[in-house]
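So the structure is just underneath, and the comments pick up after that.
Read-outs throughout are calculated quantities, based only on the coordinates presented, and are distinct from any laboratory measurement. All figures in this text were calculated on a predicted structure; none of them were measured in a lab. Ideal geometry is used to build each Cβ from the backbone, glycine not excepted, and the neighbour counts take in all protein chains shown.
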Amino acid sequence: MTKRSRRFLFPAGVLLAMGAAVAGTRAEQVSPFPHEDHQGLFPVCTGCHEGVEGGVAETVYPEPASCRNCHDGIREETVTWEGASRAPSNVTFDHMVHAAELREAGDAPQSCESCHSSDPGTRMSVDASEELETCWGCHAHETGDHFAPAASCETCHVPLASTGFGLARIEALPQPASHGSELFLPEEHGPMAQGYADRCSTCHTADRCLVCHVDGTLVEITAIPAAPGTMVLPEREAEYPTPSSHVDDGWLNAHKLQVSVRECSTCHTRDDCRTCHVGIVPTAVEELPRRGEVSAPGVGLEARAPASHESLFFLDAHSALAAADGRSCAVCHVESTCIACHDGPSDGGYHPPSFVARHAADAFARSDECATCHSVEVFCRACHQDSGLGSRGRLGSGYHDAEPLWLLRHGQGARQSLESCASCHRQTDCVQCHGVLGAFSVSPHSRDFDAVAAWERSPRTCLACHVSNPVGGP
Amino acid sequence: MAASARLGRAFVSLAILGAAMPGAPGTVAGQGVRGWVGSTVQMVELRPIEQIAGGCVTDEPCYRALGEEQSLAATQDVSLTAWGFGLQGISGTVLLRNRARLGSDRIWPRTDDRFDAILAYAQLVRGGFTVRAGRQEVRSGLGFSSFDGGRLQWHGSSRAISVEAYGGRSLARGLREPLREALRGIESFVPEQGVLLFGGSARGRLRGLSVTARYQREILDDRSGLASERGSLDLSLLTARGRVLGELDYDFGAERPGKARLTWSNVFGDGRWLVEATALRYVPYFSLSTIWGFFEPVAYHGVEGRVAWSPSSVLGVWASGGWRKYGDTGTTAILRPLEDQGRRASVGARWSLRPDVTAGAGYDLEWGPGGFLSSFDASVRMAVSERLAVTGNVSSFQQIEQYRIGDGRGLGAGVSADAEFTDRITLGAGASLVRHDGGGEGPAGSPWNQTRAWMSARVLVGEDPGLANRRRR
């Protein structure tokens, strides 16, 4: 055998070896011919399989009628055999082709015993433990590792989808060592598949990819034949290990700069993104397939707050952050998130317990800006008035009784905390004294008050206290 | 209607809602809807006071306390954001609220307003553009501004720059109704005209720095007057171990600076120490459509500082202090001027005794013009199971309301529970009792017990947009 022919033929041996290495190969053959029982009748293989040696297809297997020479129901029980059919196999090895190649190379034909057992108990079987050696006896294996990453599986194997394998044989397919790596699923199998989908297709159908992959249009996936409808595949759960890049605390903020519809859709559906992206939904998100439109479920994310939200004082700082970069908030939040606290029915979440009973000091000091959430005129005043604290159109004496002669001193208090005044008093309360027709006509304006500018801006308000244009003119 | 009947109806509504919603989320989620439906019932006991006719003569009391009454309110919210209207990037958002007054005739604020469409807008996102139309809010350094109208936003491909413009019919601050409707019968000088709002902002980001400048103007719809004209500048600078936050606004209508705040915070020592310092200015804002817009309140300026220390992952303590001083009011002092300085201090701690038990306590002291408050709070929260947490709390306070009815002391205790009934249904309930000791100054100061209770139910539809209690799997 020439070196050239050996290189040419070695894959066939590998194919044979791999095919035979599959556990259960013979177990799934339908009614295998009991060669050992016929050893006496057919002492040599070519007695029945003459065509193998001679390369004549018609005589590779005996005629079905020849069985009936003995199995006629009288001498032997009848058998039903309609002729040879190819047993499920994932190897490309073909006796005829192999024989023809040997002839073309000028090599001597191989004997049947080169591969097949001649032992009485296992006659004609291919010894799995020796098959690689058998093939490699003639065909040098370039890698020395059957599952080497660079192996060209397709040289000897057909895609799983073409094998006709049943569930047991599929489940018994060996797993290369590379698949056992922790990084294989999250990071390694993608690059390994790029350009070598035929290698994957030896043991997988596209259906296996689509158990997890949201985007089934990847070239690596479409290059793998899908299982025929009759093929029963093992049940698989989608697995989505977290890539190392996603674990970093900064990932949440950084991922927008690395968005790639192609890469994200490996694991994520649009629904995943919308777990957070409820407010302003990026266009890239809209381009992802929806859950239900694809067979894979997608990761199924739950929202995660960015690191800034974990700060002890975040609640106090969030208003300034929102004002400076409100669009960041809008990525995840719609306004109802804000309103749930800022104008929500109280469940005791924001203010401390018994806040109603002691909110006055906070309100005076404006440690929180009450008007951010509450309408002073409606919310505060309605409650104060109904509790007897608010003015009801007539300024009664005695309420501010902790400060003697309050009326004469209230100006300073009003300038310091006018919102507190408005939480109980209507504007008419003030006009009773401060209007030009009021009891005292006391000006509430400072010495620097620009009356002309005020009139130009809001003459209607001026007329609440003044009967005419206070700065002259029409 | 009898209070008990109304209360019963509210609880029946809650029960029906709770029973009906579990089947809904899956159906609705398939249509591209996210949101929540929530119901809350609240009760607070009040003891109103009334002025005594003919009182306030010599040593006669001016006010007397009336009997205790319960004020109850129920609210039902529906918050939904929906996609999938056949056009990429289009969505709709609503937040609807229904209110009902229960219990006595004592008014729970806003319960006379039965229904609010707080948000109701459609939005289209295409590339860098976002267009929104309907009832919406702008949240900014100028506060929350609600309006019925449109908004257009654009951001560059790098998202480093964005601008927006918006305008429409202005809604009353905190009320989401046209001003004249919201304040009808409550205020005397409410403009007959509607108010139009216009505004715009520009935002820039460069590495850790974000800056937003905003301008906003409100005018009467017949152009006869200005309601407000304000601008703001806000910045956030993230550093390696901290951040700087700055806020500044200017009231062009009143021609004076508004609020300002500059906060620097930094962590030290492997993140175990957090130090924060703030300089601030505060002055209230009033619309020029009210007379208070021309009353010229003075600002206070102040400083605040906070230190937090977390010696371990289970323990955190903090202390803070602040001081503020009001500007010259320009008023004449009779007898003696009021205080013009205020101070506050607080300390607190939070301790996770066990993974399922967290305790916290805090003491706050506030004194200055208008009031004095000394208060202490403590609470223990225990996760009874993965889906049930119970919190107990106690509080004690003493306050002096300088301009009002004198001293008051209170001692309270409460308990609350939060339960995740299912992954989508959460229930909460709580009750507290505060013993008020008014210090014995007249009938209004006589001791009494104040109870408060609430219960709520929330059902998530689709996924929770509020992001509460959610972690990534």
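Things worth noting here:
- Remark: the protein assembly as shown carries a charge dipole of roughly 4140 debye about the Cα centre, counting +1 on each Lys and Arg Cβ and -1 on each Asp and Glu Cβ.
- Sorted by Cβ density within 10 Å, fewest first, the residues B:L206, A:L301, A:L463: B:L206, A:L463, A:L301
- At most 11 other Cβ within 10 Å, DSSP loop - trypsin sites (Lys or Arg not before Pro), region B:125-227: B:R207, B:R223
- Stokes-Einstein D (µm²/s) once Rh is taken as the Kirkwood radius of region A:221-296 over alpha-carbon pairs, at 20 °C in 1.002 mPa s: 145
- The GluC sites (Glu not before Pro) of region A:207-263 meeting both criteria, a DSSP state outside H, G, I, E and B (loop) and at most 16 other C-beta atoms within 10 angstrom of the site's C-beta, are A:E235, A:E237, A:E239.
- Alpha-carbon centroid distance for the pair region B:210-274 / region B:86-132, whole angstrom: 26
- Dimensionless Rg ratio for chain B, taking C-alpha atoms and the 2.2 N^0.38 Å reference: 1.11
- Per-residue [θ]222 nm for chain B (sum of -39500 (n - 2.57) over DSSP H runs n ≥ 4, rounded to 500): -1500 deg cm²/dmol
- Reported to the nearest whole Å, the Cα centre-to-centre distance from region A:33-62 to region B:287-324 is 98.
- Ranked A:S458, A:S201, criterion: other C-beta atoms within 10 Å, fewest first: A:S201, A:S458
- For the segment A:457-467, counting C-beta atoms of other chains within 10 Å of every residue's C-beta and taking the mean gives 6.
- Average projected area [Cα convex hull, region B:223-304], square nanometres: 6.4
- Excluding exposed DSSP-loop chymotrypsin sites (Phe, Trp or Tyr not before Pro) (at most 15 other C-beta within 10 Å), longest clean stretch of chain B: B:86-420
- The distance linking region B:358-385 with region B:145-202 is 37 Å (Cα centroid to Cα centroid, whole angstrom).
- Karplus-derived 3J(HN,Hα) values for region A:327-336, using 6.51 cos²θ - 1.76 cosθ + 1.60 with θ = phi - 60°, are 5, 4, 5, 5, 4, 10, 10, 9, 4, 5 Hz; glycine and proline are entered as x.
- Extreme residue, positive dipole direction of chain B, given options B:I186, B:L248, B:V94 (C-beta unit charges): B:V94
- Packing, as the average of other Cβ atoms within 10 Å across residues, places the peptides A:50-61, A:151-162 in the order A:151-162, A:50-61, highest first.
- A DSSP coil position with no more than 14 other Cβ atoms inside 10 Å describes the following trypsin sites (Lys or Arg not before Pro) in region B:353-434: B:R387.
- Largest-first ellipsoid semi-axes for the protein assembly as shown, taking √(5λ) over the Cα gyration tensor eigenvalues, angstrom: 81, 29, 25
- Calculated on the alpha-carbon coordinates, the convex hull of region B:32-183 measures out at 169 cubic angstrom per residue.
- Between the exposed loop cleavage positions of chain B, defined as GluC sites (Glu not before Pro) in a non-H, G, I, E, B DSSP state with at most 11 neighbouring beta-carbon atoms within 10 angstrom, the longest gap is B:193-385.
- Going by neighbour counts of Cβ atoms within 10 Å, the residues B:T93, A:T46 line up, fewest first, as A:T46, B:T93.
- Peptide-level mean, for A:429-438, of C-beta atoms on other protein chains within 10 Å: 1
- Average partner coverage of B:37-45, which counts Cβ from other chains inside 10 Å: 2
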